[in-house]
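Everything below concerns the one structure shown next.
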Amino acid sequence: MLLSLEMVSASLRQLGIRAAAADALLATARLRHLPKQGLWLERGRVASAIAIVAEGALAQFYPLDGEERACYNATLGALLTAVSSFVYQRPAAEQSASLVETQLYEISRADYYAWVEGRPEGWRDHARLLEYQLACVDDSRREAISLTAAERYQHLLAAEPATIREAPLHVIADVLGISAQHLSRIRRALAQGG
């Protein structure tokens, strides 16, 4: 199901952004398709857009000990960018890629800052969007710390069943922060009722 711009606008209004302002921002969005495991932001590049997931899922990955480690998952309706790269225009330390075939709305940095600077309440709305992004990352971090791998998998399965069906096992394991073998054991235990 493709999330409509009207539904995204409703979500922005829930953050306290006025309808006309939300619609003005979304009028600059362009729909982009990413294939399964398609790269959205490459590490070392400057983030030039904000993504809003319309269908599918994106994950942010950081290098750790020569391997990619997922640190944040953006699913339906979520905003995603490399915040420090986007705001300060420096190379991104992370990269973002689709877990499955994904559609997203992209808003360019130029259009975003024209929207922020062109309205009296623009900086207030900017702060609300940054607060939302930080809260999502904080929730993700809290889940990674407080839930077991099996609980994180069950949470992801409940929230994104299509993603779980389509994404490769090793990608799901990376998102959960576990090995593919550990994920196989969790799946096997759940299938057996454990």
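Assorted remarks:
- Net charge of neighbours whose Cβ lies under 12 Å from the Cβ of residue 73, counting Lys and Arg as +1 and Asp and Glu as -1: -2
- Cα-based convex hull volume of the chain per residue, rounded to whole Å³: 117 Å³
- Each semi-axis of the equivalent ellipsoid for segment 95-172 is √(5λ) with λ an eigenvalue of the Cα gyration tensor; in descending order they amount to 32, 18, 9 Å.
- Between helix 149-159 and the chain: long-axis angle, C-alpha atoms, 0 to 90°, nearest 10: 50 degrees
- Residues 138, 125, ordered by accessible area of protein heavy atoms at a 1.4 angstrom probe radius and largest first, appear as 138, 125.
- Against the chain, whose longest principal axis comes from its Cα atoms, helix 180-191 is set at around 80 degrees.
- Residue-count net charge about residue 97 - beta-carbon cut-off 11 Å; Lys, Arg +1, Asp, Glu -1: -2
- The chain - accessible surface per residue (Å², probe 1.4 Å): 52 Å²
- In segment 123-168, the portion of solvent-accessible area held by carbon and sulfur atoms comes to 59 percent [1.4 Å probe, whole percent, DNA, RNA and ligands not counted].
- In segment 1-154, Cα pairs under 8 Å separated by at least six residues give a relative contact order of 29 percent.
- The Cα-based radius of gyration of segment 1-56, divided by its Kirkwood radius, gives an Rg/Rh of 1.02.
- Global size of segment 132-194: 12.0, 38 Å for Rg and Dmax (C-alpha atoms, Rg to one decimal, Dmax whole).
- Crossing angle, helix 5-14 versus the chain [Cα axis fit, 0-90 degrees, rounded to tens]: 80 degrees
The values are calculated or read from the model by the stated rules, or taken from the named source; none is laboratory data. Predicted, not measured: the structure shown is a model, and the values here were computed from it. So basically every Cβ, Gly included, is an ideal-geometry build from the backbone, and we count neighbours across all protein chains shown. When the accessible area is computed, the model is the full protein with side chains, heavy atoms only, and any ligands, DNA or RNA have been set aside. Shrake-Rupley method; radii C 1.70, N 1.55, O 1.52, S 1.80 Å.
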